[in-house]
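Undergrad: What follows is a single structure, and I will ask about it in a moment.
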Amino acid sequence: MKNLKKLIVAMALIYAPIAANAWGVLGHRIVGEIADSYLTPNARKAIKQILGNESLAMSANWADFIKSDTTYKYLNSWHYVNLPEGLDRAGMGNYLDGFKDANIYNKTNEMIALLKNPKTPADKKLFAMRLLVHLIGDMHQPMHTARKEDLGGNRITVTWFGQRSNLHQVWDEKLIDFQQLSYTEYAKAINFTTPKQLAEWNKASLKDCIFESYQVCNSIYATGIKSDDKLSYNYNFDWIGTLNNQLLKGGVRLAKILNEIYK
C-alpha cells in the first residue's frame, strides 16, 4: 500500500507541469501591481467599491485558484485562444471574430461589458473584475496564443536547470521565479515607461494585444525548440527581456482598460 501511494505521488509530480495554464501566481500579481500604479482617481475609487480591501494584485489569481471548485470548470477555455501559424494581423482578427467558442478574446470583451453596465449586480461585478485582471495578464503570456497541437507548449517537455518541465510552464513560472524577486520587487524593477511607450501601448486594441503575443509566440517556436531540450542560463538571458516587456505591457494595458471603464 505504501509503495502504491509513493507511485501515485511520483506520477503526480511527473505530470503536474502539463496542467499549468496561466502566468504563475507571481506573474499575475506583477501585472496587477503595475496596473495599480497607472490608475486614475476615478478608476481607483470604483475598483475599491468592487474589490473592497482586495488589491488588483491579490485579486489577479482568483481565476486560477477557483479551479479547485468543479463548478467553475467552464472557465478553463477563457484563459487562452489557440491560433494557427501563419496569420497576419488582419487574418488573426478575422479568425477571432469567427471563433465562437469561449476564449480569452470574447470573454475579456464580455467582462468589460459587465463592468461598464451600471445595472450589473455587485456579485457579478466582483466576478468580472477578478476575471478581467486575470485575463489581461494571460493575454500577454505568449504561450496563451499558441498552437492547439501542442496545447500551448504543454506537450513540449523540456528540462529547466535539470528539472523536468514544459515550454508553457517555463513561460508561466520558471523564468519569473528564477529572478528571485517578490511581486512588489519585480514590479518596481521593471515598471519604467516612456511617454512614447505609454502612448503606443495604450492605443492597442484587444486584438492588437493578442497579435503581439502571437508574434512573440511565433518567435519562440522559430528558435526550433523541441521536446527534451535543456534550458537554463542561456534561455533566461535570451528571453527575460521579452518576458518583462510582456508583463509591463499587461499592467499598463489593464490600467488603460479600467481607466476607460471608469472615466
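Every read-out reported here was derived from the displayed coordinates using simple, explicitly stated rules and does not represent laboratory data. Since the model is a prediction, treat every value here as computed from it, not as a measurement.
Undergrad: Specify the angular offset, from 0 to 90 degrees and rounded to the nearest 10, of the alpha carbon long axis of helix 89-98 from the longest principal axis of the alpha carbons in the chain.
TA: 80 degrees
Undergrad: Kindly express, to the nearest 10 degrees and within the range 0 to 90, the angle between helix 206-222's C-alpha long axis and the longest C-alpha principal axis of the chain.
TA: Result, in degrees: 20.
Undergrad: Give the relative contact order (percent, whole number) for the chain; include only Cα pairs under 8 Å separated by 6+ residues. Write out the running numbers ahead of the final one.
TA: On the way: 337 pairs, mean separation 86.6, N = 263.
Value for the chain: 33 percent.
Undergrad: Using 0.36 nm per residue, how much length does the chain from PHE161 to ALA122 gain when fully extended, once their Cα-Cα distance is taken away? Could you put the intermediate results ahead of the total?
TA: On the way: separation 39, 0.36 × 39 = 14.04 nm, distance 4.58 nm.
Extra length from PHE161 to ALA122 when fully extended: 9.5 nm.
Undergrad: Could you state the angle between the C-alpha long axis of helix 41-51 and the longest principal axis of the C-alpha atoms of the chain, as a value from 0 to 90 degrees rounded to the nearest 10?
TA: 60 degrees
Undergrad: Further question: What's the center-to-center distance, using Cα atoms, between the range 85-100 and the range 193-252 in Å?
TA: Using only Cα atoms to place each centre, the spacing works out to 19 Å.
Undergrad: Something else about it: Please compute the contact order of the range 139-228 in relative form: average sequence separation of alpha-carbon pairs under 8 Å and at least six residues apart, divided by the residue count, as a percent.
TA: Working: 72 pairs, mean separation 39.0, N = 90.
RCO, the range 139-228: 43 percent.
Undergrad: Fully extended, how many nm does the chain gain between SER232 and LYS196 (0.36 nm per residue separation, minus their Cα-Cα distance)?
TA: Roughly 9.6 nm would be gained on extension.
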